[in-house]
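Engineer: So that we are looking at the same thing, I have put the structure below in C-alpha cells.
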Amino acid sequence: MKKAKLSLLAVAAVAFGAFAFKGFDGSISGKVVPADGATEAWAVSGTDTLKTAIADGAFSFAAAKAGTYTVIVDAKEPFKDATITDVKVEDGKATDLGEIKLAQ
C-alpha cells in the first residue's frame with residue numbers, strides 16, 4: 001500500500017511539473033491610423049480565429065497561441081480593410097505590429 005501511494009504521488013508530481021512549465025500564450029498588438037478608421041480586428045492561424053475590438057485605434061490579442069497568423073483590420077468606410085500576413089507569435093512573447101495606416 002505504501003508503494004502505491006508513493007507511485008501515485010510521483011505520477012502527480014510529474015503531471016503537475018509538465019503543466020507548470022508549459023509556455024504561456026503570446027500576444028499580438030497594433031495601432032490603427034486614423035484611430036477611428038476601424039472597429040475590430042481578426043487574427044487567423046489555421047483553424048484558430050481570434051477577434052478583438054479596436055479602441056482609440058489600439059488593439060491587442062492577449063491569448064494568441066504560438067504560430068503564424070494573418071491579421072485583418074476591419075475598416076470603416078471610406079477606408080479599406082488592412083491585411084498583415086506572416087505575423088509570427090512565440091509563447092510568452094509580445095508581437096507588436098506597430099502603426100497600421102488605413103488606405104482610402
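Engineer: Could you check region 56-71 and list, in sequence order, the residues that are under 25 Å from ASP36 (Cα atoms), of a type outside the set (Phe, Trp, Tyr) and touching a residue at least 40 places away in the same chain (Cβ under 8 Å)?
Structural biologist: Scanning region 56-71 gives a single hit, VAL71.
Engineer: Just to be sure, is LEU97 in a strand (DSSP E or B) and touching a Gly at 6+ places or on another chain (Cβ under 8 Å)?
Structural biologist: yes
Engineer: A follow-up question, please. What number of residues within region 34-48 satisfy the criterion of being among the β-branched types (Val, Ile, Thr) and exposed (fewer than 12 other Cβ atoms within 10 Å of the Cβ)?
Structural biologist: 1
Engineer: Something else: Could you tell me how many of the residues in region 47-67 are among the β-branched types (Val, Ile, Thr) and assigned to a strand (DSSP E or B)? Full working, then the answer.
Structural biologist: Filtering region 47-67 for residues among the β-branched types (Val, Ile, Thr) gives 47, 49, 52, 54.
With assigned to a strand (DSSP E or B) added as a condition, the list becomes 49, 52.
Number satisfying all stated conditions: 2.
Engineer: Just the residues that are closer than 17 Å to THR95 by Cα and either surrounded by fewer than 17 Cβ atoms within 10 Å (Cβ to Cβ) or within 9 Å of the chain's Cα centre (by Cα) (or both), please, taken from region 58-75.
Structural biologist: Once the filter is applied, which keeps residues that are closer than 17 Å to THR95 by Cα and either surrounded by fewer than 17 Cβ atoms within 10 Å (Cβ to Cβ) or within 9 Å of the chain's Cα centre (by Cα) (or both), region 58-75 yields ALA58, SER60, PHE61, ALA62, ALA63, ALA64, LYS65, ALA66, GLY67, THR68, TYR69, THR70.
Engineer: Quick one: PRO78 ticks every box in (1) assigned to a loop (DSSP other than H, G, I, E, B); (2) surrounded by 14 or more Cβ atoms within 10 Å (Cβ to Cβ) bar one, so which box is it?
Structural biologist: (2)
Quick note: the coordinates plus some simple rules give every number you see, no bench work behind them. These numbers come from a predicted model, not from an experiment. Backbone-built Cβ (ideal geometry, glycine too); neighbour counts: all protein chains shown.
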